[in-house]
Amino acid sequence: MLKLIVGTKGSGKTKTMIDMIDKATKTTSGNIVVIEKCMKLTTEINHSARLVDVDEYGVAGADMLYGFVAGVLAGNYDITELFLDGILRITDHDMAAAAKVLNAIDKITSNIEVVVTVSADAADLPEDLNYGGKNVTITTGFEISGRGSASRPDFLRKIQKNLNFLCFTG
């Protein structure tokens, strides 16, 4: 399952992800992998989660990110949760490329919970960001506001099947 945490800079996306990682380290029996750019979470997350910096491996762009994630998954069959902080920083702020790589990652992670932060306004997400019509749960700030309520209902109708979409406005 793929979850997006969407919001502008400073809206609490990374803090929310850190809380999710800490909760996962206490509840999961599998391995947790956190992928980020520039190792800013080193002291923030529980040491039992594996933290990987894409800069150490020269990952730049959507295609390289997909290959990197696929390699991480191939190297460890015990991964139950994968967290990806700042996909737009890795894809050079290319929203279309990010959408493409998220669709590809979703296809290879059917038994893995994947959580991704997207630093953008929900209204700026492209309409073609289509995850095969998955479930959408909208969160405004830190309160659940219900299904299907957002500034882009046309966009939301397109992605209503298995996607949990957390939206933070700041």
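What do you get for Rg/Rh of region 18-79 when both radii come from the Cα atoms and Rh is the Kirkwood radius?
On the way: Rg = 12.1 Å, Rh = 12.4 Å.
Across region 18-79, the Cα-based Rg/Rh ratio is 0.97.
Counting every Cα pair in region 1-114, what percent are over 21 Å apart?
32 percent
Using each residue's phi in region 61-75, evaluate 6.51 cos²θ - 1.76 cosθ + 1.60 at θ = phi - 60° and report the 3J(HN,Hα) Karplus result to the nearest Hz, with x for Gly and Pro.
Working through the residues one at a time gives x, 5, 5, 5, 4, 4, x, 5, 4, 4, x, 4, 5, 5, x Hz.
Quick one: which residues, 5+ away or cross-chain, put their amide H under 5 Å from the amide H of residue 79? H built at 1.01 Å from N.
When sequence neighbours closer than 5 places are left aside, the close amide H contacts are 31.
For region 84-106 and region 1-63, write down the distance between their C-alpha centroids in whole Å.
A separation of 14 Å, based on Cα centres.
Just reorder 48, 11, 110, 29 by solvent-accessible area, largest first, 1.4 Å probe, all chains present.
Of 48, 11, 110, 29, the descending order of accessible area is 29, 110, 48, 11.
The values are calculated or read from the model by the stated rules, or taken from the named source; none is laboratory data. Every value quoted in this text rests on a predicted model; they were computed, and no experiment measured them. SASA here: full protein model, heavy atoms, side chains in, ligands and nucleic acids out. Shrake-Rupley method; radii C 1.70, N 1.55, O 1.52, S 1.80 Å.
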